Structure formats: structure tokens, C-alpha cells
Amino acid sequence: ADLALYRAKAEGKDRVAFFEAHLQKALEEELALLEGLQEALEKGEGLWLAYQPIVDLRTGKTVALEALLRSPLGPPHRLVRLAEHHRLVLALGRWVLRRALEEKPKGLPVSVNVSPVELLDPIYPARVAEALEEAEVLPHELILEVTEGSLIPDERGRDASWALEALKKLGVRIFLDDFGSGHSSLERLAHLPVDGLKLGQAFAQDLKTPQSPAARVVAGVAALARALGLTAVAEGIEDEATLERLKGFGFDWGQGFLFGRPGPLKEG
Ligand code: C2E
Ligand code: MG
Ligand code: MG
Ligand code: MG
């Protein structure tokens, strides 16, 4: 019995050691990535923006470009999440905004993703005003994509509604990104200074299955947007059939591989 107990303990220790080695490795990888990102931001190298067209579904015309972060360091959501945990996202977001405004073709609005961490920074709206001025871009030519996560109060009870009001006053447009995949309260939505809803990508993917119950939700989101006077945008449109259904539901704008993948700006 003693021997069995001894063995079990030894095995347990092995497992702990095994687990710790994995944890250690994951931490080291994260640190290296963080350092890489910091260095990329300092040098202005190894980071760029890809642009994806956002199309008016009635006219087929491009009405805006969404700027999406690209880096050999890793996929954007991973870099952004990591940066958020270390507040590096403030510098990253600043870089993205400035670059997007700098590269923006004349007359075509640009849509920039904003992290909830940026919106909680009290100086953020002033920084946006400054960046617009520097790039000589009119406020209504900038769309900021905020996520539902920005609207949930943090552990100190703060949320981003103050920042949204300030940005609204500035004249920039605010769209709620990945709508339907978080926890927005419909009650709050009616009072928020937002201009549009971007339906989460997964919904468009679900429309590929005929009679999917998700279709009724998607139709409902378009109706909700209309009732609130908001622009309804659908993301992740990959085929004609999905496009036709979304048009039928009353979506105003759309985005997806069918219209164009994120890529470099075209000249002219
Ligand atoms: P998002 O803002 O919802 O961006 C849309 C994502 O869908 C992009 O992924 C885009 O490449 C992808 N996409 C576009 N059309 C299609 C389609 O037809 N089918 C499919 N399957 N996917 C499509 P990406 O570029 O990997 O970005 C992922 C997420 O990372 C973004 O989701 C956004 O939340 C975040 N992100 C990207 N760039 C930035 C940034 O500069 N700042 C912040 N805070 N977040 C960013
Ligand atoms: Mg990705
Ligand atoms: Mg977005
Ligand atoms: Mg989205």
C-alpha cells in the first residue's frame, strides 16, 4: 500500500512538472510575441493594413474600406488580444488609426476597428480628433467599429458610453461590430449613439443552410436596424445565394470574399 501511494505521488509530481513545462513554454512564446509586436511598433516595420471593400448592396458600389491589421507575427485577433492584456493596444490602435487615415483614398470613408481598452482611455476621443486633423480627413469619413464588449461595464463599473458620446459629437460614425455574438442589451442599443450594426460573420455562414433558424434572427437584425434608423451591414458574404437573401432581408451594406478579400490598396 505504501508503495502504491508513493507511486501515485511520484506520478502526480511528474504531471505537475509536465504541466509546468507547457505553461512555461506558452508564457515564453507570449513574451516573445509581445516583444516582437513592441519592436514592430517602434520601428514601424512588420505591420501593415489590408483593406476590404464594404459595398452598398443596392448599387454594388464600394462605400467604405475596412482596415485590417496584418503582420507576419500572427493573426490580428491574436495580436490584438495579447496587446490588450498589456495595454500595448493603445500604441497599436494609435498606429492603426494614423496609418488608415494617412492611406485613405480621397472621398472613400475608412472603417477602423477599436479595442474596448482604447475606448476606456479618457484621452481616446481627443486622440481621434488629433489624428483626423493631422491627416486632414473629415470626421464623417471615419467609421469606428466598436464591439459589444465595449458596452459592458468593467470591474470598476466603467464603460465606453462617455467615449462614444464624445466621438459622436466629433462627427465620426460608430458601428457596432460582430453584432449578435456578444451580450448587447437591446434596451441600451436604443440609447447608444451608434450609426450602424455589423452582423457577426457566423450568421452569414449559417444562411448557407436552407431553413436555418438563424435566418429568422438575421432577418430580425435587419428589421431592428431599420426600426432604430441604423445602417445594417452584413459580413462574411461569400456567395450569390447568401447575398440575395441578405438583400431580401433589407441589409444596406455588405462585406465578404464575394466582393473582395482584404488586400493592398489599389492605385488611383
Ligand atoms: P472583424 O472586424 O469582424 O473583421 C472581419 C474579419 O472577417 C476579417 O478577419 C476579415 O478578413 C474576415 N472576412 C472578411 N470577409 C470574409 C468572408 O467572406 N468570409 C470569411 N470567412 N471571413 C471574412 P481578420 O482580418 O482576420 O480580422 C479578425 C478580427 O481581428 C477582426 O474582426 C477584428 O475584430 C480584429 N482586428 C483586425 N484588425 C484590427 C485592428 O486594427 N484593431 C483591432 N482592435 N482589431 C482588429
Ligand atoms: Mg483572422
Ligand atoms: Mg471590424
Ligand atoms: Mg466583424
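Taking a probe of 1.4 Å, how large is the accessible area per residue of the chain, in Å²?
With all protein chains present, the chain gives 56 Å² per residue.
Quick one: angle between helix 2-43 and the longest Cα principal axis of the chain, in degrees between 0 and 90, rounded to 10, please.
40 degrees
Evaluate the charge dipole of the chain about its Cα centre and quote only its size in Debye, nearest 20, assuming +1 on the Cβ of each Lys and Arg and -1 on the Cβ of each Asp and Glu.
That gives a dipole near 500 debye.
Any chance you could give the angle, 0 to 90 degrees and rounded to 10, that helix 89-103 forms with the longest Cα principal axis of the chain?
Orientation of helix 89-103: about 30 degrees from the principal axis.
Give me, ordered by chain and number, the residues 5 or more places off SER181 or on other chains with an amide H under 5 Å from its own placed amide H.
GLY200
Can you give the helix-only mean residue ellipticity at 222 nm for the chain, where every DSSP H stretch with n ≥ 4 adds -39500 (n - 2.57) and the sum goes over all residues, rounded to the nearest 500 deg cm²/dmol?
The helix contribution divided over the chain gives -15000 deg cm²/dmol.
If we count every other residue with Cβ under 15 angstrom of ALA17's Cβ, Lys/Arg +1 and Asp/Glu -1, where does the sum land?
Taking every other residue near ALA17 into account, the sum is +1.
I'd like the distance separating the alpha-carbon centroids of region 30-83 and region 118-147, in whole Å.
First find each Cα centre; the distance between them is then 17 Å.
Of the accessible area of region 79-220, with the probe set at 1.4 angstrom, what percent is carbon plus sulfur?
Whole-percent figure for carbon plus sulfur exposure: 55.
Taking the chain on its own, what percent of its Cα-Cα pair distances exceed 32 Å?
When every Cα pair of the chain is considered, 31 percent fall beyond 32 Å.
How many lysine pairs does the chain hold where the Cα atoms are under 20 Å apart and the two sit 8 or more places apart or on different chains?
Step by step, the pairs that qualify in the chain add up to 12.
Sorted by mean Cβ packing within 10 Å, highest first, what order do the peptides 17-26, 111-120, 257-266 take?
Answer by packing, highest mean first, reads 111-120, 257-266, 17-26.
Return the carbon/sulfur percentage of the accessible area of region 3-76, one whole number, probe 1.4 Å, all protein chains in place.
Roughly 59 percent of what the probe reaches on region 3-76 is carbon or sulfur.
Between GLU165 and GLU238, how many nm apart are label points set 7 Å from Cα along the C-beta direction?
Result: 4.3 nm between the two label points.
Output the 0 to 90 degree angle, nearest 10, between the alpha-carbon long axis of helix 124-135 and the longest principal axis computed from the alpha carbons of the chain.
Helix 124-135 sits at roughly 60 degrees to that axis.
The values are calculated or read from the model by the stated rules, or taken from the named source; none is laboratory data. Treat the numbers as computed from the prediction; the structure is a model and nothing was measured. Because the Cβ atoms are built from the backbone with ideal geometry, glycine has one as well, and the counts that use them run over all protein chains shown. These accessible areas exclude ligands, DNA and RNA; they are computed on the full protein's heavy atoms, side chains included. Shrake-Rupley method; radii C 1.70, N 1.55, O 1.52, S 1.80 Å.
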